[in-house]
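Coordinate-derived values only; no laboratory data. Keep in mind the model is a prediction, meaning the values are calculated, not measured. Please note: Cβ atoms are built from the backbone with ideal geometry, for glycine as well, and neighbour counts cover all protein chains shown.
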Amino acid sequence: MKTLKLKNVAVIALAIYCATISANQITKVEATVSVEQVVSDMQTSDYRPEPVKTAEEQAADFVYNSGLSEGWNSNQEMFIAIGSAEFDSEDPSYDDSYATKRSLKAMQAMLEAKARVIEYIETEMTAMDKATTPGTDLAAAFDAQLRKLEKKMEAQKRKLAKLLADTDKKEAAALEGATLGDRMNALMDAAIKKLDGSFSEEEVEAKKKADFEKAKQRYQEAMAEFEQLNAKLEAEVGKVKEDLSSTVETVSKMPLFGATTVAQFESWDEGTERYNVALVVVWGKKTERMARAFIQGENVPVPPGNQSIRDWVKNNNWATSVGGRQFRDDQGVYHFVGIAASPAGESSSSRKRARGVAEQMAKKEVAVAIYADVESKKKADQRMRTMSGGKGKDKSVAMESFSETLSQELQNRTIKGLQRRYGGFVTHPISKQEIYVAIYSVDGNSAKQALWAQERNYLTKILDVNSQQAMKGRTDGMKNAVKQAEDDKSEYYDARAKSNSAANAKAGIEAARVQSAKDQKNSQSMANKDDEPSAAKQGGRAQSGSFSGGGQSQGLAW
């Protein structure tokens, strides 16, 4: 990361690669090299960006120095597109939303590059060039009449100046040299007034007087007509005389599989205060084939790369990378990679948010690196309008406009084998702001392992469901036995009958015992009647002593 001063303009530029730098010179592509090798060579090229150039210019140099060109490269059967986007930033170091803008602009550059790919494959176009001249050009007709009247008044001016020379040579010379306008009109009026007075007081030749009257009348008529036409001409000023327009609209829409970002560049110019990001995107028969193989779960052998994905992730500085990538490891496994970043902020909650946003966006980048429905709608308009400016002059204005809608989407796609490869807080070299970078990837092996893991877990789930069902069955069986016992009243009725019989028998015995006791007590009472003391009578004298209250229990041992 260097900052260079060039005529007091500091330009900062960065190159972002998809793999570690492994060559001293950029590799030029030979006609017989495979697409996988081309992508690998481009991603590992030791291209040193020039800090005085914009990111888009560096991307173009990168493609050229790789021995390729934008557009379709027949020998390699691949299409190369450069996408670029920019935004104004006074100083990224204190632009709080810089990292978010950067990510979104990288996404826009990616869409622009993918749009160029699908526009190459198929484009539906609507275009119109139109030139309109509305009605008769009255201003031109009026202008021609004005020129004729000007000549007529000029001729009368010369005649009056010649007649005035006999009376006042100085004024005659002034009138002779005057041009059409307010001064000439004033001199003409003065000359007519002087000649009127002179010819009425002095006897002059009849011919001169007739010439004067004729010139005066013609001048006055021409002046009146001139003023009327001039008023009409002024009314025509601003009216449209001609309208030219050119419009072109293009629409491209199709699924795109396997578009790969092989290089990314960033730049910020201190002088223009403009940030620029550019991406080099490759799509070819082989990259599409790898995407198709992944979708179908096929094994497609590819030449092994130089390092494992573990080392590739470890050895790169991801502070300057966003978007999708593809990587071929040393085992010949093709990885679809997604990289995303989010501003870290200062609080723990903002750092948590940064993790969440970056990881979700990285997952999305993986998916759209494999498959996406891409759509491009663009419209350009140019228009020129010519209006009357009066006095034989026209005024023209020209303008142009451009509108576009670029999109890529996928809905309800099932992705297997998606895994995080990296997540960490790093410092972005341009803005010096802390950002969180997340990297996710999928490959054919991870998809198969994910499928195996899914199968194993679902099998375990089935066994777990069976075990749970058995346990619930045993518990429900015991509950059901309790319920059946509660519903069976036979034991109840038998016990009730036995209890009723026993109670009745005991009641009869007890009643006989009580009756016998009563009879015995009555007999004893009659025998002792005379020996009993007399009962206390109401109103008698108080009696000392102690008494037990009535109804007292006979102890608690009962």
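In the stretch 259-301, taking the dipole from charged Cβ atoms about the Cα centre, the farthest positive-side position among Gly271, Val300, Val282 is held by Val300. The gain in end-to-end length when the Trp72 to Ser246 segment is fully stretched comes to 59.8 nm, 0.36 nm per residue minus the alpha carbon separation. Charge tally for Ala503 (other residues, Cβ to Cβ under 11 Å; Lys, Arg +1; Asp, Glu -1): +2. For the residue pairs Lys379/Lys416; Lys148/Lys395; Lys314/Lys416; Lys53/Lys314; Lys53/Lys253; Lys286/Lys432, the C-alpha atoms sit more than 27 angstrom apart in Lys379/Lys416; Lys53/Lys314; Lys53/Lys253; Lys286/Lys432. Counting other Cβ atoms within 10 Å as a rough exposure proxy, the listed residues Phe402, Phe87 run Phe402, Phe87 from fewest neighbours to most. Charge tally for Gly423 (other residues, Cβ to Cβ under 10 Å; Lys, Arg +1; Asp, Glu -1): +2. For the stretch 370-441, the residue among Met387, Ile435, Phe425 whose Cα projects farthest onto the positive side of the dipole built from Cβ charges is Met387. The fewest-to-most ranking of Trp318, Trp72 by surrounding Cβ atoms within 10 Å reads Trp72, Trp318. Ordering Val63, Val281, Val322 from the fewest to the most neighbouring beta carbons within 10 Å gives Val63, Val281, Val322.
Annotation for Tyr94 and Ser403: the two label points, set 7 Å from Cα along the Cα-Cβ direction, are 3.8 nm apart. One decimal place: the segment Asn65-Asn466 gains 137.9 nm when fully extended, by the rule 0.36 nm per residue minus the C-alpha distance. For Arg355 and Glu270, the FRET efficiency from 1/(1 + (r/R0)^6), where r spans their Cβ atoms and R0 equals 35 Å, is about 0.65. Annotation for Asn457 and Glu486: the two label points, set 7 Å from Cα along the Cα-Cβ direction, are 4.1 nm apart.
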